[in-house]
Each structure stands twice: as structure tokens, then as C-alpha cells.
Amino acid sequence: MRHENAFGSKAMPLIECPRLDSFEISGVKVSCQPDLIVGDRFPSNGSKTGCAVIRAQKRPDPAGCKTEKTRDDRANYRREMASYILVVAKMALVANGCNMEDIDPRKFFVFDIRLGERITMPSDRISREKRIEGACLQISRLWDFATPRPGDFVKDED
């Protein structure tokens, strides 16, 4: 008899993820808050660790599309976002005291409610991490030159 949930995940040790501190990537302050730690303690202190994110956001909703192509495009977009979420989550765990040797890529998951899928750490995680670092470096370089439009500010309601 197989004991799996609707996402195809077997039993695993889960604990609530403590509030993680923000951290810097190439001069940009970043925050990532996984929902669960996959492991028996955090920081890991020698045990293999990962994390899980429960993604229940409504948009983009693949089921709301009229054509099969658009439906597939939106589903693939959600999977791609989940892959990047996992890479940033790994970076957040390391920045918050988890040893690199204790990171187990097989213990990183995004449970996407809309798709009904479990998305795992991508095999190209190292190149994705480099792309994230490059994007943050670009943001850092251009930030001082960004001029907000008047509509970008929230108006105080008195």
C-alpha cells in the first residue's frame, strides 16, 4: 500500500519554518519565507534539510484559459516561477544558518494548489542561482537612476 498525499509526496519530517531574516544578493535585499522545513530541526546542524512552499495564489490561473496553448503556457509559467522560488529559498536557508553540506535538493518542494502538482528543485539550480545574482546586480546598478511615476505612490487617506 502506498501512502502519498494528492501531490505524490510520501511521509517526511516537517516543522514550521521560523521567520527567516532578509539577506543580500548582489547588493539587493531579498526576503523569502518558506512555509515548512523538511527536516527535524533548523538550523540543520548536520541533518539533511530542505523546505516546502505551499503556493495557493490564484494568478495566473491555467484553468481560466480559452485555448489549450494558453492553458499550457500559464501552467509552464507557474512551474518556472516555482523553480525560481525554490532556488531563492535555498539561498535563504543558507543565509539564515543552514550549512551548504546539509542542504538536500531532494527535500525542496513547491506544492502548487492551482496545478495540483509538486514541483521539485530544478536540476539547473546552479545556473538559476547565477541568473538571480546577475539580475540582482543589474537592479543594484540601476536602482539610483529609477524615477517612480506619480501613480506609483500610495496616497494617504485622511
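Here, each number is a calculation from the coordinates, and none is a lab measurement. From a predicted model like this one, the values you see are computed outputs, not experimental measurements. Cβ sites come from the backbone with ideal geometry, for glycine too, and all protein chains shown count toward neighbours.
Using Cα springs under 10 Å in a Gaussian network model of the chain, which residue among D40, D21, D144 shows the largest mean-square fluctuation?
Result for the chain, Cα springs under 10 Å: D144 fluctuates most.
What does the charge dipole of the chain about its Cα centre add up to, to the nearest 20 debye, if the Cβ of each Lys and Arg holds +1 and the Cβ of each Asp and Glu holds -1? If you can, show how the numbers build up before the last one.
Details: 27 positive and 24 negative charges, 127 e Å.
The dipole magnitude comes to about 600 debye.
Amide H of C51: which non-local residues (sequence gap of 5 or more, or other chain) have their own amide H closer than 5 Å, using H built in the peptide plane?
Answer set, sorted by chain and number: V38, F108, F109.
Would you order L93, L14, L142 from fewest to most other beta-carbon atoms within 10 Å of each residue's own beta-carbon? Working shown, then result.
Details: L93 27, L14 15, L142 9.
Ordered from fewest to most neighbouring Cβ atoms within 10 Å, L93, L14, L142 come out as L142, L14, L93.
Hey, what do the phi angles of the stretch 65-80 turn into as Karplus ³J(HN,Hα) couplings, whole Hz, using 6.51/-1.76/1.60 and θ = phi - 60°, x for Gly and Pro?
Ordered by residue, 3J(HN,Hα) equals 8, 7, 10, 4, 4, 5, 4, 5, 4, 5, 5, 5, 4, 4, 5, 5 Hz.
Mind sorting L36, L86, L137 by how few other Cβ atoms lie within 10 Å of their own Cβ, fewest first? Write down the numbers at each step before the final one.
Values: L36 18, L86 26, L137 14.
Sorted ascending by nearby Cβ count, the order is L137, L36, L86.
Restricting to lysine pairs 8 or more places apart or on different chains, what number in the chain have Cα atoms under 20 Å apart?
The number of close lysine pairs in the chain is 10.
Give me the extension gain from W143 to A95: residue separation times 0.36 nm, minus the current Cα-Cα distance, reported in nm with one decimal.
Details: separation 48, 0.36 × 48 = 17.28 nm, distance 2.32 nm.
Residue separation times 0.36 nm, minus the Cα-Cα distance, leaves 15.0 nm.
Just need the relative contact order of the stretch 46-158 here, percent rounded to a whole number, with Cα pairs under 8 Å and 6+ apart.
Values: 99 pairs, mean separation 36.8, N = 113.
Computed over the stretch 46-158, the figure is 33 percent.
Pick from F145, F111, F23 the residue whose mean-square fluctuation is largest in a GNM of the chain, springs joining Cα atoms under 10 Å.
Top of the fluctuation ranking is F145.
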